[in-house]
Amino acid sequence: MSQVAVPYVALGLRARRIKHELLAAIERVVDGGMYILGPEVQEFERRFAAYCGTRYAVGVADGTSALILVLRSLGIGPGDEVITAPNSFIASASSAALLGATPRFVDVRREDMNLNSDLLEAAITPRTKAIVPVHLTGHPADMEPILKVAERHRLPVIEDAAQSVGTLYHGRRTGGMGYAGCFSLHPLKNLHALGDAGVITTGDERLYQWLLKARSHGLRNRDEVEFWSTNSRLDTLQAAVLCVMLDHLDEWIKARREIAAQFSAALRDVVGVPAEAPGSLHTYQTYMIQAERRPALLEHLKQRGVDAKVHYPVPIPMQEAARGLGHRRGEFPATDWLAERIVSLPIYAEMTREQRTTVIDGVRSFYRA
C-alpha cells in the first residue's frame, strides 16, 4: 500500500495556519468566564444571520438538533409525514422519525443529486406537514419550484443546509429561502467548529423566540420552564472559534471552487463531474464524481496515495433503521444509480498543486489504462 499523499481531509493543517487567532479567541472566553451562552454566541449568531441574509440565527449543539428543533416548532409528530431526499446523511430523515413522524422520500436528479421538484407534488398527502430539501455537497436544491409547490399546499419548507454554508441560489444564500435553514458546523463542513455545532437561520420572529427557549430546556428565565425541551445550546468556546472561522470562509470557498474547476476540466472526459446549475454557486463541501467500476477505481487511487471516500452507498430507505417504512430497491432509481457510482475525492483549500495533480492523474490513469 502506498503512503497517503493526499489525505481526504487536512483539518490539522488548517487549524495550524490560523492557530494564533483560534487560541486568542479561546483565551478571551477562558478569561471572560461566561462559558454558557456567553457574548461570543450572540456575536456569532449576529454575524451568521448577516452572512446568510436572514433576520435571525440561533446557535445549537449540532445540525441534527437544528432539524429536530425546527420540526418540533411545527408540532410535527406521530401520524405526520415529512418529505425529504433519500440520498442524504441519515439526519435528514431521522430528525422526523425521532419525533414519531414518517419520512417520505422523493427521488433526486442525477445531475445535481438534489430533490427532483418534478416529483414533489405527487408525494404530498393529507398527512404531509413539511418539506425538507437537502442542498447536497454544497449545490443548492432547485428552490423556486419547491417553494411554489409548498405555497400551493401551504407547507413550510425547512432547508437542510448542513452541507451548504455559503452556497448561492439566484443570489440568495441557502438557509434564507424557507421557514428555516438548518446548518451543521461539524469539522468536515466548510464552516466548522472544533467539534460539534449547528445553527438555525430564520426570518420568523415567533420561531426565533421559541428556539431561544427550546434550545435551553424550555426555560423562560432561570426559574420558569415554559415547555418541555432539551439542552441543545451552542458552546461559547465553539462560538468563539466559529467567529474566527467565519473570517476565512469566503477565501476557503474561493479556493475550493478553483480546485473543483481544475478537477472538472481535467476529468469530465473520463467520469461524471459535479454540475453547477445556472444561477447557482456551488461551494463543494464534497467533490463527488460519478464513476464506473468504483471498487477498482478506489483501490487504484489507494495505491497511488489518494484517500477517496464513498458517500451514501446505502440510501436512507434501504438502511436497517428504515426497514419499517417498507421501501424496496428500485423505488428511487436515480438515487440507486448514484449510490453505485459516487466517489468523493479529496478537496480542501490547503491542497498543494502537487496533491491536485496526484488526484487528477490517479483518476485519469485508471480509465486510460
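Bear in mind that the values in this text are calculations on the coordinates, not laboratory data. These numbers were taken from a predicted model, which means no experiment stands behind them. Every residue, glycine as well, gets a Cβ built from its backbone with ideal geometry; the counts of neighbours run over all protein chains shown.
Start at zero, step by 5 Å, and the Cα-Cα distances of the stretch 1-51 spread as 4, 15, 15, 16, 18, 13, 6, 6, 5, 2 percent across the bins. Near CYS182: Cβ cut-off under 15 Å, other residues only, Lys/Arg at +1 and Asp/Glu at -1. The net charge is -2. Among residues other than LEU242 with Cβ under 11 Å from its Cβ, the summed charge is -3 (Lys and Arg +1, Asp and Glu -1). Less than 25 Å apart at the alpha-carbon level, and either on another chain or at least 8 residues along: which lysines does that give for LYS19? Answer for LYS19, where 25 Å is the Cα cut-off: LYS189, LYS254, listed by chain and number. Loop-located trypsin sites (Lys or Arg not before Pro) in the stretch 83-173 (DSSP state other than H, G, I, E, B) with a sparse environment of at most 11 neighbouring Cβ atoms within 10 Å: ARG154. Shown for the stretch 249-368 is the translational diffusion coefficient from the Stokes-Einstein equation, using the Kirkwood radius over Cα pairs, a temperature of 37 °C and a viscosity of 0.692 mPa s: 210 µm²/s. Largest first and in whole Å, the equivalent-ellipsoid semi-axes of the stretch 249-305 read 24, 14, 9, each the square root of five times a Cα gyration tensor eigenvalue. Values of log10 I(q)/I(0) for the stretch 132-256 across q = 0.11, 0.19 Å⁻¹ run -0.44, -1.12, by the Debye formula with one identical scatterer at each alpha carbon and no solvent.
When the inverse distances between all different Cα atoms of the chain are averaged and flipped, the Kirkwood radius reads 21.3 angstrom. Within the listed set ALA308, ALA161, ALA265, the residue fluctuating most in the Gaussian network model of the chain (springs between alpha-carbon atoms under 10 angstrom) is ALA265.
Annotation: amide H of ARG104 within the under-5 Å range of VAL82, ILE83, THR84, sequence separation 5 or more or interchain, hydrogens built in the peptide plane.
Taking every DSSP beta bridge that has both ends in the stretch 12-243, the antiparallel portion is near 55%.
Within the listed set ASP107, ASP31, ASP160, the Gaussian network model of the chain (springs between alpha-carbon atoms below 10 Å) gives the highest mean-square fluctuation for ASP31. Normalising the average separation of contacting C-alpha pairs (under 8 angstrom, six or more residues apart) by the number of residues puts the relative contact order of the chain at 23 percent. The GNM of the chain, with springs linking C-alpha atoms under 10 angstrom apart, assigns the highest mean-square fluctuation among VAL343, VAL30, VAL244 to VAL30.
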